[in-house]
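The values are calculated or read from the model by the stated rules, or taken from the named source; none is laboratory data. These numbers were taken from a predicted model, which means no experiment stands behind them. Quick reminder, even Gly has a Cβ in these numbers, built from the backbone with ideal geometry, and neighbours come from all protein chains shown.
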Amino acid sequence: MSKKEELMKALADIEEQERQAMINAEYPKFKELIGTCYKYRNSYSCPEKESDYWYTYFKITSLTPNDLYIGGLKNDNVLARCETLKFQVCKDGIISIDPHYSKFVHSLGERISIDEFNREFDKVIDMAKKVFNV
């Protein structure tokens, strides 16, 4: 191995150690987000009026140390993906529920209470029951 290769490997090892130290320091903060709920104002590409919008709801169901990564403009922030329970009823009345939706934590939208999340989820379930005559 050449001197340059040795130095490159040493640098990569140091960067990995620093990355892991940042993740280990930040994970407890991210772990506390499990169970929290959010809503995101959604639309198709060119909304023209208020009725073109709807909310997409998320509840974080899983977030592990392996979901954290270093990013940001200067590659110096700890960011995370998470698994969520996602549901929505779009402007056309199409119901979608995804119990394993992967999403970036920083793009989940406005934080809401579990009560609001459950209330909106119950409305969607009631809509689905009517569709299926249950």
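Every residue, every condition in (1) within 30 Å of Ile125 (Cα to Cα); (2) loosely packed, with under 11 Cβ neighbours inside 10 Å, yes or no:
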| site | (1), (2) |
| --- | --- |
| Ala10 | no, yes |
| Glu18 | no, no |
| Leu63 | yes, no |
| Lys86 | yes, no |
inquiry  = Being at pLDDT 90 or above and charged (D, E, K, R) is the filter here; which residues of the stretch 1-25 pass it?
reply    = Lys3, Lys4, Glu5, Glu6, Lys9, Asp13
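Can Ile23 be described as within 30 Å of Ile114 (Cβ to Cβ), of a type in the set (A, V, I, L, M) and out of contact with any Lys or Arg (no Cβ under 8 Å at 6 or more places or on another chain)? Give the derivation first.
Numbers: within 30 Å of Ile114 (Cβ to Cβ): yes; of a type in the set (A, V, I, L, M): yes; out of contact with any Lys or Arg (no Cβ under 8 Å at 6 or more places or on another chain): yes.
The answer is yes for Ile23.
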message = Among the residues in the stretch 53-68, are any among the basic types (Lys, Arg) and at pLDDT 90 or above?
response = yes
message = Looking at the structure I just gave you, is Tyr27 surrounded by 15 or more Cβ atoms within 10 Å (Cβ to Cβ), more than 27 Å from Glu15 (Cα to Cα) and either touching a residue at least 60 places away in the same chain (Cβ under 8 Å) or not polar (S, T, N, Q) (or both)?
response = no
Flag if Leu108 is hydrophobic (A, V, I, L, M, F, W, C) and at pLDDT 95 or above = yes
note = Given (1) more than 30 Å from Lys123 (Cβ to Cβ); (2) surrounded by fewer than 13 Cβ atoms within 10 Å (Cβ to Cβ), Ser45 misses just (1)
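Would you check if there is a residue in the stretch 99-118 being among the aliphatic types (A, V, I, L, M), in contact with a strand residue (DSSP E or B) (Cβ under 7 Å, 6 or more places away or on another chain) and farther than 24 Å from Glu32 by Cα?
Step one: filter the stretch 99-118 for residues among the aliphatic types (A, V, I, L, M), giving 105, 108, 112, 114.
When the remaining residues are screened for being in contact with a strand residue (DSSP E or B) (Cβ under 7 Å, 6 or more places away or on another chain), the result is 105, 108, 112, 114.
Now restrict to residues that are farther than 24 Å from Glu32 by Cα: none.
No, the stretch 99-118 has no match at all.
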key: Residue in the stretch 41-58 that is within 17 Å of the chain's Cα centre (by Cα) and outside any strand (DSSP E or B) present   = no
ask   = Mind checking which residues of the stretch 62-74 are touching a residue at least 12 places away in the same chain (Cβ under 8 Å) and assigned to a loop (DSSP other than H, G, I, E, B)?
value = Leu63
